[in-house]
Each structure stands twice: as structure tokens, then as C-alpha cells.
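**Q** Below is a structure I'd like to ask you about.
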Amino acid sequence: MKVPVSWLKEFIKVPFEVGDLAHRLTMAGTEVASISEIGSDWDGVCVGLVLAVDSHPNADRLRLVTVDSGSGTAEVVCGAPNVAPGQKICYARIGACLVDGHTGEPAVLKPARIRGVVSSGMVCSEKELGLSDEHEGILVLPESAPVGTPLRDYLGETVLDLEVTPNRPDMLSVTGVAREAGALMGKPARVVDPEFAGTGKAIESELAIDIEAPDLCPRYTASLIKGITISDSPEWLKRRLVNAGMRPINNVVDVTNYVMLEYGQPLHAFDFDKLSGARIIVRRAREGQVFVTLDGAERKLTGEMLMICDSKGEIAIAGVMGGANSEVVPDTTSILLESASFNPASIHYTSSKLGLSSAASQRFERGQSPFLTLPALNRATQLILEVAGGEAAQGVIDMAPGLNPRQPVLVSTARINSLLGTNYPEEEIIDALVLLGCSVKSCPASRELAVTPPEWRSDINLGADVVEEIARIKGYGDIPMTMLAKSIPHQSPSPMLSFKHRLREAMVGLGFQEILNWSMTNTGALSKALNQPELSVRPLYLKKPMTLDQECLRTSLRPGLFSALASNRRFEDSEIQLFELGTVYLPAGAGLPEEPQMVGGIIGSPQVKRHWSEETRPFDFYDLKGKVEALLAYLGVNPSFEPSEDSGLKPGSQAVVVVKHVPVGVIGEVDQQAGRAFEIDEPVYYFEIDITRLLPLTVGDRQYQPIPRYPAVVRDIALVMDNTVKHRQVEEIIAGFPLVVETRLFDIYTGKPVPAGKKSMAYRLTFQSRKKTLTDDAVDRVLEQILARLSSGLGAVLRR
């Protein structure tokens, strides 16, 4: 929110330093992001008077302008079509720094001979002064502008740029900022209730209003002005809008924007002659109807959107944008001025659904006060009569089916001081609240204060809100630091929180990077990621999703991780390892959904090199399995793996992760069709584990194991066995020998000379004793026993 300081001074009648005010506002909760000085670089530019305009002897389109600068006269060559004798203009002397009209870059004005005539300076346009992009003509100042005055003193402005928090819609207005500033400086701002004189017919005889959706429109006010003339706004009005960051359009539209900035209440002007039946109807839209807005775009409506209609149909999307069929145009002579209050959630839904955000919708979404509609309407009507002429109908229409009077908030002095850790007397508290515009009544019987918030503050509804206001106005820095009255309660840490912390440590140690995704997704993304045309688990749908891409709650982490890998692949050629810890939402009949915590990991384009002497090779299923085993080992559990049939993973390269006979997750290579759906054209490996189910399985006593004192012995063996034998069967037999501390499968081979129907599986066995150094003979004896057990149990023979 950009606030010109000169505008603030119309409501604050005490002198103040801009820097001090910015500091006070920031410390009270509204950050002043920047302070800009318009005109700070206008050295050598002053108010000038055009004495004469003569033709250029050598150019038809150029003129010789004689300018009185207050300290002498100068002749300037000028090509502007609107320069005329008697005008007050902006005159730049030689050496002034201006904006180059062609390049847009700052440039120092130098003496110039133009078509044989020396030009001693320049008569400036708005673009050359850096005010706007307008350069078709010079900037003409009001007749009251004093000749010779430095332009920075006459047109210069200081602008505060505020970062307004979502709970303070009142700070999106100049009067709101003025009231806040006045309270902080101990002198309430002076805002006069505007009035206008209606001399036409009674408005009730000219217009009727029906509110068919009072839940979405608690208040609707309107005035009627006839006989207006659409034209450019006066310079003071255009300058105010430009300084506040808005573009002038015409006098009527400019007034509605001006009053919106001044009061924070959006307004809209309809061409009254285009309305059918002299009637306004506020109702919900018809499902699927198409409406053309002011920008010429066709918008498809839903039945939850609020519309402003006449007797024939829609003329505006309430609180968002008007329609092309009721637009104010240059030949408009009568306008209906709307000032209404709309349901914030409804405006937010409509704006998000249509992808159409405006200054008006941003204010309505924050819950602007419905009590501002009438003062803003009166102010806008008053200004339009002033700048566009015409005659206003007598009175206004004020329909308020959902307007409730402000109720007092009860809070005790003891409660205020208890929450703040202060000892403010009741009189000081009341004085602070009165500065904010509150009405305060003391209730001695209950020892409470009945605080009625001002009409422009929609955010003060609870006792805690009142306490916060007192802290802000008194100053957070003035609240004394005190020790806690009681000891800090004993902490009962959540097992899941510490478990997730350990899990993050393990994942980072394995080379993964954490990402965060939305919990919302869409059925299309779920269907593609799970490779299921018809989802086996139907997700939970949001009643009012912000976008179609976030229409339901996720049942898997896959869509987010797949999208993240595809997005990162555009910028990274090497290996990508991502993981996410998050909640999925599984329907549970008519009750609340199950919300298990999951961890998912994805690996793209990986290469493996286990030793410096080895060549790199592609990552495979067993490398993924090793990472999952390492992760679970860090968490204190030993998993097993069983065959799975996950539609989103490649058949034959996937497995179910089992811990203590409980399935907790799935691992595997992503199915090519699922990958291509996310524009992934490389081998990708994925795992997903239900940590809600895993956590209870990790609970138990962990015994300390000292570092082995004796060296290990490594032996490689290759076994020939039937194709039906699984690695797990081999691993279980070898695990029965206590001297074998590690078993690693490093190769599987089929083909000659291995007989048909057989395969060769190569293992690296690590032998180690905690009591002595193993000799070769001892290792050979154990190895013979292992081979004998494998032969009798699985029919495996040593490959020679």
C-alpha cells in the first residue's frame, strides 16, 4: 500500500517527521518497507510561465516557446502540441537531470541547437520528469502554481510503502493509516463524515435493489447521478493516483479509485442508461454461464459466485470486476454508483477460480468493514459532482440484510496486565483504546471494560485482540521484561517428532535432499503416478479448491516427488536424490480419514562406483534395496523383502518392505509409462514407507556392540541354482552361521556355460570373530558347512 504523506497530512493535524512515523508504524506491526522521494532529483527544474509561442523558422512541427522562470526569460524549442501562452509549466534549465524520452535512461540536459535555433532548456512532459510514461504533451500545472518555485517543492512527494498484514484491511486506506498514525502519536486523526446535496428526484423512484443472497452480501448501498460529463480528471486527482501507484483513466473511474484508496472501500460505477428495468439484483450465478468482463475476456461462472444483475442478466462479478455490458464510456451521462460489502470467502473463491485478482477483490478478501460502505459512497458522490458535474438523486439506497451492530468486547484490567506482564492502571488502558477510536465503558460490578471497536476495524472481536491493541499503542518496547511466574511445564516429547528427526538425518546421510509439496493434488496426477486409469483408493475432494490442480488430498507422495524430479531435471544433468516426509489422506468410510505419516524417496539418473578401481555402472534395484536397508538399519530394524504387484512400479523390479512380519512400504523401479506421464525419460527408482506403521516396530532395547578388535576375512563364492531360488532363501541359510557378519549379492548371471533353467549368483561373505583372529583353515571349514547346507536345502552347487 503506497501512501503519499501529503494525503496523510490532510487528516493528521500535528507536525511529524516522516522517519519517526515510519518507525512507529513498523514497531506497531505495519512494516514500512520503503520511503521514496518523488522529485528528489529535480535539481534545476522549476515552475515556469509560457509568455509566447512562435513558429520555428525551419520546422513546421517545432515551436519556439518563451518561458519566464522567475529569474529571467529563456527561449526553448518544443515539439509538444499542447503548449500555449499563459500556461504554467515545468521548466528545466541547462544541467538538469531528466529522463530521456527515447531511451528511458537518466540524462543531463545540455545546450542544443535544433534546426538552427539554440534551445536554452526544456519544457517537460511527465515522462521526462519520471512521473509516468506519458510524453505526448507537456505537463500543464494549475494556474495557482507560483512561478520560479522549485518543482520539488511544488510537485514533490514523499511516499510510504507499507507491508499490510492480512488481518488489517483498514490499513489499505489512507484514512486507516492516518487513524493508526494519530493513535501512535497520541493525537487522533480527524476524518469528517462526507455529505452531498441531492437535488434530483428521490432515488427510490428511480431505482430498486433486491438482495437474493444476503449471506454473501450483508450490505449494498447505491447513489444515482445524472447529467455528468466524462473527461480527464483534474491534475490534483491524477497526481494523487499516480503517487499512490494507480493509473488515471477518466474522472468517474478515477474518483472510485481515489475513494477506495482513501477509505479502503471498493466502489463501482455502472452506466445507468445501459441497465435494464432500473433494477439491481444481487444473486448467485447460474452454473456454467459465460460472462464477458471489462477486459473483454469470457469467464465461465459457477453457482457459488456472486453476481450483480439487472432485470435481464449479469452486469458485474461482485467485488471482482464489472461487465463490458455496463461499462462507463466517454458518452455516458448517468451513472449508478455502487458501494457494497461482500462475503470475504466468496470473493476469494471467485477471484481464485477465475484467476482474476484486483485491488477491490484484495480488500474484500481481507474482510473490509461493512460500515465503510455509506461514508465511501457519500464521499465518491460528492467528488463526482465536483469533477464531472451532473445532478445527484435525493438520498441513497442502503440495503443491509446481514449487517449487525458492533458488540462490545468484555475484558478485565487484571486480564490485560496478566497477559502483558504489566501494571497499567485502568485510566491508561482506556486512554489507549480511545485513541484507537474505541468506545469504552467501565463495569465496576464485574470489574471489566466493555470495549466497542470502531466501525472501521473489523479485526477486533476478542479480548485477546483488545490486549494486542493496547500493547501496540503503548509500545512493545515499553513492556517490562519479567521472569516467568511458574516453572516451565515438563516436556513430553512426541515419539513421532523425534523419529522423523532421526529419519531426516539418515536420509541426508544417504545423499538425499528434502523437499516439501502441497498436501493437495488432483486425480489426474494420482492416476498417472500410480499408473491406475481408475484409482483403487478414491481421494478426498475439497469442497472449494483454490485451483483444479489442488482438487483433492493426496493418497500417495508420488505425484509431488515425480513432478519435483522432472522439474529439477531441466536444470541438473547429474544424479538427483529427493525425499519427502509428509501426510497422506486415506478415506475411512463415513468417519474422519486415516492420516498416516509417510517417507518417500526418488532417485534419478544414478551411477554407482563402489571403489576407485571400478568403472561406474547404472544404479539398479539392489542398490535401491541397499539404501532402504541402510535407512532401516539406522532406525534399528532389519527388513525383509517380498514380491509385490504395484501398478506404478516395473514388474520384476519391485518388492514389499516387511518388518517383523508387517508390510510397511514398497520399493522398485518406476514403470516407464508412469515416468513418461511426468516427462521422465530415464530409469527412476522409488520407495515409500509408512512410518506411522514403522514407528512401533522400532521400539525396543538396543544393545551396545563394541567395535571388533579382530580383522575380518572376505571370501567370494558363485553358486549355481535353479531359477526359482530367491536371494532371501540363500541369505537366511547363510545367516545361520554366526561367524558370517555380512552377506552381499554382487552378481547374477544366466547363459552359457550355466545350464538352462539355472542361474549363477555371486556373493561376497565377510567372516569375523569377536574372540580371536580367524585363520584360513577356520574360514574354509565354515565355508564348507555353508556350501553343504545350501546344497542340501536349495540344490545349490559351487560354480568352478
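**Q** Identify all residues within the stretch 359-395 that are without any contact (Cβ under 8 Å) to a residue 40 or more places away in the chain and closer than 13 Å to A318 by Cβ; write none if there are none.
**A** Start the filter on the stretch 359-395 by keeping residues that are without any contact (Cβ under 8 Å) to a residue 40 or more places away in the chain, which leaves 365, 386.
The one that is without any contact (Cβ under 8 Å) to a residue 40 or more places away in the chain and closer than 13 Å to A318 by Cβ: E365.
**Q** Oh, and also: Look through A525, A506 and report the one residue that is at pLDDT 90 or above, farther than 28 Å from P696 by Cβ and open to solvent by less than 30 Å² (accessible area, probe 1.4 Å). Don't jump to the end; show me each part of the working.
**A** Details: A506 fails: farther than 28 Å from P696 by Cβ.
Result of the check over A525, A506: A525.
**Q** Of the residues that sit in the stretch 408-438 and are open to solvent by 70 Å² or more (accessible area, probe 1.4 Å) and farther than 23 Å from G477 by Cβ, which one is farthest from the chain's Cα centre (by Cα)? Steps first, answer last, please.
**A** If we filter the stretch 408-438 for residues that are open to solvent by 70 Å² or more (accessible area, probe 1.4 Å), which is where we start, we get 410, 414-415, 418-419, 423, 427-428, 431, 434.
Within this subset, residues satisfying the condition of being farther than 23 Å from G477 by Cβ are 410, 414.
Details: L410: 35, A414: 39 Å.
The extreme case among them is A414.
**Q** Follow-up question, since we're still on this one. Checking the structure you have, find out if any residue of the stretch 61-83 is under 30 Å from E262 (Cβ atoms) and surrounded by 20 or more Cβ atoms within 10 Å (Cβ to Cβ).
**A** Checking the stretch 61-83: not a single residue is under 30 Å from E262 (Cβ atoms) and surrounded by 20 or more Cβ atoms within 10 Å (Cβ to Cβ).
**Q** Still on this structure, I have one more. Which members of the stretch 716-753 meet the condition of being in a strand (DSSP E or B) and open to solvent by 50 Å² or more (accessible area, probe 1.4 Å)?
**A** Hits for the stretch 716-753 are D716, D722, V741, E742, R744, F746, D747, I748, Y749.
**Q** Let me ask something else about it. Any idea which residue in the stretch 101-136 is least open to solvent (accessible area, probe 1.4 Å), counting only those that are of a type in the set (S, T, Y) and not in a strand (DSSP E or B)?
**A** S125
**Q** Hey, can you tell me all the residues within the stretch 765-798 that are touching a residue at least 12 places away in the same chain (Cβ under 8 Å) and open to solvent by 90 Å² or more (accessible area, probe 1.4 Å)?
**A** Of everything in the stretch 765-798, those that are touching a residue at least 12 places away in the same chain (Cβ under 8 Å) and open to solvent by 90 Å² or more (accessible area, probe 1.4 Å) turn out to be R770, K771, K772, D776, Q785, R789.
**Q** Moving on. Looking at the stretch 470-509 only, could you name the residues that are acidic (D, E) and under 30 Å from D431 (Cα atoms)?
**A** Residue satisfying the conditions is D478 alone.
**Q** To continue, here is another question. If A588 meets every condition in (1) in contact (Cβ under 8 Å) with a residue 12 or more places away in the chain; (2) farther than 24 Å from Q654 by Cα; (3) open to solvent by less than 50 Å² (accessible area, probe 1.4 Å) apart from one, which number is that one?
**A** (1)
Table: residues versus (1) out of contact with any Cys (no Cβ under 9 Å at 6 or more places or on another chain); (2) modelled with pLDDT of 95 or more; (3) assigned to a helix (DSSP H, G or I).
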{"site": "S536", "(1), (2), (3)": "yes, no, no"}
{"site": "D549", "(1), (2), (3)": "yes, no, yes"}
{"site": "A566", "(1), (2), (3)": "yes, no, yes"}
{"site": "Q577", "(1), (2), (3)": "yes, no, no"}
{"site": "L581", "(1), (2), (3)": "yes, yes, no"}
{"site": "A590", "(1), (2), (3)": "yes, no, no"}
{"site": "V599", "(1), (2), (3)": "yes, yes, no"}
{"site": "I603", "(1), (2), (3)": "yes, no, no"}
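**Q** Turning to a different aspect of this structure: Of all residues in the stretch 273-290, how many are touching a residue at least 24 places away in the same chain (Cβ under 8 Å) and open to solvent by 40 Å² or more (accessible area, probe 1.4 Å)?
**A** The number of residues fulfilling the criteria is 6.
**Q** OK, next. Determine which single condition N82 fails, assuming it passes every other condition in (1) free of Cβ contacts under 8 Å to residues at least 24 places away in the same chain; (2) more than 23 Å from E37 (Cβ to Cβ).
**A** The number of the failed condition is (1).
**Q** Just the residues that are open to solvent by 90 Å² or more (accessible area, probe 1.4 Å) and within 18 Å of G601 (Cβ to Cβ), please, taken from the stretch 509-522. Give the derivation first.
**A** Taking the stretch 509-522 and keeping what is open to solvent by 90 Å² or more (accessible area, probe 1.4 Å), we get 513, 516, 518.
Across the stretch 509-522, the qualifying residues are Q513, L516.
**Q** Which members of the stretch 248-272 meet the condition of being over 30 Å from K312 (Cβ atoms) and free of Cβ contacts under 8 Å to residues at least 60 places away in the same chain?
**A** Let us first name the residues in the stretch 248-272 that are over 30 Å from K312 (Cβ atoms), namely 248, 258, 261-264.
Answer for the stretch 248-272, where residues must be over 30 Å from K312 (Cβ atoms) and free of Cβ contacts under 8 Å to residues at least 60 places away in the same chain: just P248.
**Q** Which count do you get for residues in the stretch 451-465 that are over 17 Å from S369 (Cβ atoms) and crowded, with 16+ Cβ neighbours inside 10 Å?
**A** Here the count works out to 1.
**Q** When the stretch 137-196 is examined, which residues are found to be of a type in the set (D, E), surrounded by fewer than 19 Cβ atoms within 10 Å (Cβ to Cβ) and part of a helix (DSSP H, G or I)?
**A** D153
**Q** Here's a follow-up. Since I416 meets every condition but one in (1) more than 29 Å from I211 (Cβ to Cβ); (2) in contact (Cβ under 8 Å) with a residue 12 or more places away in the chain; (3) not in a helix (DSSP H, G or I); (4) not aromatic (F, W, Y), which condition does it not meet?
**A** Only one criterion is unmet by I416, namely (3).
**Q** Would you be able to tell me the number of residues in the stretch 704-715 that are among the hydroxyl-bearing types (S, T, Y) and part of a strand (DSSP E or B)?
**A** The number of residues fulfilling the criteria is 0.
**Q** Within the stretch 670-705, which residues are closer than 23 Å to G524 by Cβ and open to solvent by less than 50 Å² (accessible area, probe 1.4 Å)?
**A** V670, D671, A674, G675, A677, F678, I680, E682, V684, Y686, E688, listed by residue number.
**Q** Can you name the strands (runs of 3 or more DSSP E) wholly within the stretch 298-400 that have at least 1 residues being among the polar types (S, T, N, Q) and open to solvent by less than 30 Å² (accessible area, probe 1.4 Å)?
**A** Qualifying strands (runs of 3 or more DSSP E): 334-341.
**Q** Out of (1) within 32 Å of the chain's Cα centre (by Cα); (2) part of a strand (DSSP E or B), the odd one out for V466 is which?
**A** (2)
**Q** Cβ-Cβ under 9 Å, sequence separation 6+ or interchain: first residue in the stretch 291-311 and over 25 Å from A208 (Cβ atoms), partner among the hydroxyl-bearing types (S, T, Y) and open to solvent by 20 Å² or more (accessible area, probe 1.4 Å). Which pairs?
**A** From the stretch 291-311, the pairs are T302/Y349; E304/Y349.
**Q** Within the stretch 487-516, count every residue that is of a type in the set (A, V, I, L, M, F, W, C) and part of a helix (DSSP H, G or I). Before you say what the answer is, go through the steps one by one.
**A** Here is the first cut: in the stretch 487-516, the residues of a type in the set (A, V, I, L, M, F, W, C) are 488, 496-497, 499, 503, 506-508, 510, 512, 515-516.
Narrowing further to those that are part of a helix (DSSP H, G or I): 496-497, 499, 503, 506-508.
So the count comes out to 7.
**Q** Search the stretch 467-503 for residues being of a type in the set (V, I, T) and free of Cβ contacts under 8 Å to residues at least 60 places away in the same chain, and hand back the single one that is surrounded by the most Cβ atoms within 10 Å (Cβ to Cβ).
**A** Per the criteria, the residue is I470.
**Q** Suppose we keep only residues that are at negative phi and open to solvent by 20 Å² or more (accessible area, probe 1.4 Å) within the stretch 754-764. Which one would you say is farthest from the chain's Cα centre (by Cα)?
**A** Within the stretch 754-764, the match that is farthest from the chain's Cα centre (by Cα) is P755.
**Q** Across the stretch 532-568, what is the total count of residues that are open to solvent by less than 50 Å² (accessible area, probe 1.4 Å) and either basic (K, R) or under 29 Å from T302 (Cα atoms) (or both)?
**A** 12
**Q** Within the stretch 213-262, track down each residue that is of a type in the set (D, E) and modelled with pLDDT of 95 or more.
**A** D254, E262, listed by residue number.
**Q** Only one of L98, L62, L51 is part of a strand (DSSP E or B), more than 30 Å from D170 (Cβ to Cβ) and under 47 Å from the mean Cα position of the chain (by Cα). Can you tell me which?
**A** L98
The values are calculated or read from the model by the stated rules, or taken from the named source; none is laboratory data. This is a predicted model, so every value here is computed, not measured. FYI the Cβ positions are ideal-geometry reconstructions off the backbone, even for glycines, and counts take in every protein chain you see. Side chains included, ligands, DNA and RNA excluded: accessible areas come from the protein's heavy atoms. Shrake-Rupley method; radii C 1.70, N 1.55, O 1.52, S 1.80 Å.
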